[in-house]
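Scroll down for the structure; my scribbles are underneath it.
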């Protein structure tokens, strides 16, 4: 009885284990595989399950063998006669073997399915990889397109800003107030009068024309008239404009700053002076002063300057600020010298020549003065007080700055360039470091043009009057010589007449025989010598007549020349005296102090 119970328990355990192991892999249907089932973690679980089944299969085989041995023992104990229980057990064992075979078949199928799933997974992973690659390519293309779109949008915005700025410049109104209009009219009248009536009386008329035009421009440039003009000059991108902006923003951080261009060809000379409020104007290439709004000036950004060469529209800017540092001072910010461009050099030197002093900016990181700068200094700025500014000095140590300053002084001395001072400056410095040097500069004294012209006219009048006296004296001498020549003619005529009368008396008719034949004349022997002398006298007087005729002819020609010169002198003197009178009236009506 015990043996039967043991056999039943063993068989139950075996069957339970087999059923449990058999049912475990059947918990999912073959068709229930999803994308998530084929990821790496699920594949590891499936592999683990298969390994567990293989292990439990081996255990089941071991127990089956043990059961068969145990069954054989039971048989032997029953004398080899299988009981009903043992038959049933054998049958169950056979069924168990069948179940194991089915399990093995299922395991094979599971392995095939797993292999298929891995193959499908690999295919899907390849597809996913392609999709990810395409996604990445599309993402990069999207980024590129967005970047291009942003660039186009930025360029479009800049183009619009440039077009708006150009439109504002083209439509800018002239500085049309009554005072300026009168100033413009009066100075133009004086310039035109000098050009048309006066300059041709000078040895170099074109110089007087140029001086008169410069005088008119300086009179119209109220932003520099009577002020100390300081020009900030130097290499391109050395920080000239930044220095001016530093002065403007020292006490007013909100002050409109000067635009900084990244191209030397687009930089615009800019005058900065003092006024009660911010005011912006520009001088056009056709020499007209025009007003523009603050908003328009603020459109002159770096991008606008780089995109549009506004130098064809604007000769220079004229700005004014309520700034204490600009009291009685006009600062000129100039384009930089980054090349040997004649146009850039001319554009800068044309305005710089009006300055009372030059401040040449050198980037501390660029080192010594280059050859282009030296050529400009020697050719165009050699007669002007010259200061050097070592900008961005905060980027160098004191020792390095000492060496740089020494090199600058040596280079200037070697090239016979007078250096007033070397100033170290940076954005960290207070502008007083620079302004104390500017305050020491004296306004350049120039000979008043109008007084010079008046003095030259006086000299011309004086010369004409002296010429008139000389001509009068020469004319008197000429008249005396003509009178003497006429007297000589009369004397010669008298002498010829006297000799002819004597000859006539000496020659007498000769009487012929019986009055026959032609009439004949004869001279008495005693009269022949006198006759001969009078003939020679007449012949001699004929030579004297020729000499007197030639002399008289020259004196007549000389008299004509003298009369012409006298007439011209009289006309010139009257003309110049009238010109002087009209000129003095013009100047006195405009500003009599110009003649002092």
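The values are calculated or read from the model by the stated rules, or taken from the named source; none is laboratory data. On a predicted model such as this, the values are computed, not experimentally measured, just so you know. Ideal geometry is used to build each Cβ from the backbone, glycine not excepted, and the neighbour counts take in all protein chains shown.
Based on this model, can you work out whether residue 154 counts as part of a helix (DSSP H, G or I) and either within 30 Å of residue 269 (Cβ to Cβ) or modelled with pLDDT of 85 or more (or both)? So residue 154 passes the test. For segment 395-419, the set of residues classified as assigned to a loop (DSSP other than H, G, I, E, B) and surrounded by 11 or more Cβ atoms within 10 Å (Cβ to Cβ) consists of 396, 415, 417, 418, 419, listed by residue number.
Scan segment 70-91 and give yes if some residue there is at pLDDT 70 or above and over 28 Å from residue 48 (Cα atoms), otherwise no. The answer is yes, given that some residue of segment 70-91 is at pLDDT 70 or above and over 28 Å from residue 48 (Cα atoms). Within the span defined as segment 558-575, one or more residues are touching a helix residue (DSSP H, G or I) at 6+ places or on another chain (Cβ under 7 Å) and farther than 30 Å from residue 197 by Cβ.
Taking residue 531 as the residue in question, decide whether it is touching a residue at least 12 places away in the same chain (Cβ under 8 Å), part of a helix (DSSP H, G or I) and surrounded by fewer than 16 Cβ atoms within 10 Å (Cβ to Cβ).
Answer is no for this residue.
Going through segment 423-473 one residue at a time, which ones are in contact (Cβ under 8 Å) with a residue 24 or more places away in the chain, within 30 Å of residue 587 (Cβ to Cβ) and exposed (fewer than 11 other Cβ atoms within 10 Å of the Cβ)? The answer is 442, and nothing else. Just one of (1) over 21 Å from residue 366 (Cβ atoms); (2) without any contact (Cβ under 8 Å) to a residue 12 or more places away in the chain; (3) over 33 Å from the mean Cα position of the chain (by Cα) fails for residue 399. It is (1).
Among the residues of segment 291-313, the ones that are modelled with pLDDT of 80 or more and surrounded by 20 or more Cβ atoms within 10 Å (Cβ to Cβ) come to 2 in all. Within the span defined as segment 373-386, every residue fails to be modelled with pLDDT under 90, assigned by TED's automatic domain parsing to the domain that holds residue 242 and in a strand (DSSP E or B).
Restricting segment 543-570 to residues that are more than 17 Å from residue 478 (Cα to Cα) and in contact (Cβ under 8 Å) with a residue 40 or more places away in the chain, the residue that is surrounded by the fewest Cβ atoms within 10 Å (Cβ to Cβ) is 570. Only a single criterion out of (1) touching a helix residue (DSSP H, G or I) at 6+ places or on another chain (Cβ under 7 Å); (2) closer than 19 Å to residue 247 by Cα; (3) at pLDDT 85 or above is not satisfied by residue 365, namely (2). Residue under question is residue 508, and the condition is that it be surrounded by fewer than 16 Cβ atoms within 10 Å (Cβ to Cβ) and modelled with pLDDT of 80 or more; does it hold? So residue 508 does not fit the description; no. Does residue 524 qualify as being more than 30 Å from residue 573 (Cβ to Cβ), in the same structural domain as residue 570 (by TED's automatic domain parsing) and surrounded by fewer than 16 Cβ atoms within 10 Å (Cβ to Cβ)? When the stated conditions are applied, residue 524 passes them. Which of the residues spanning segment 420-465 are part of a loop (DSSP other than H, G, I, E, B) and either under 30 Å from residue 568 (Cβ atoms) or touching a strand residue (DSSP E or B) at 6+ places or on another chain (Cβ under 6 Å) (or both)? Hits for segment 420-465 are 420, 425, 441, 443.
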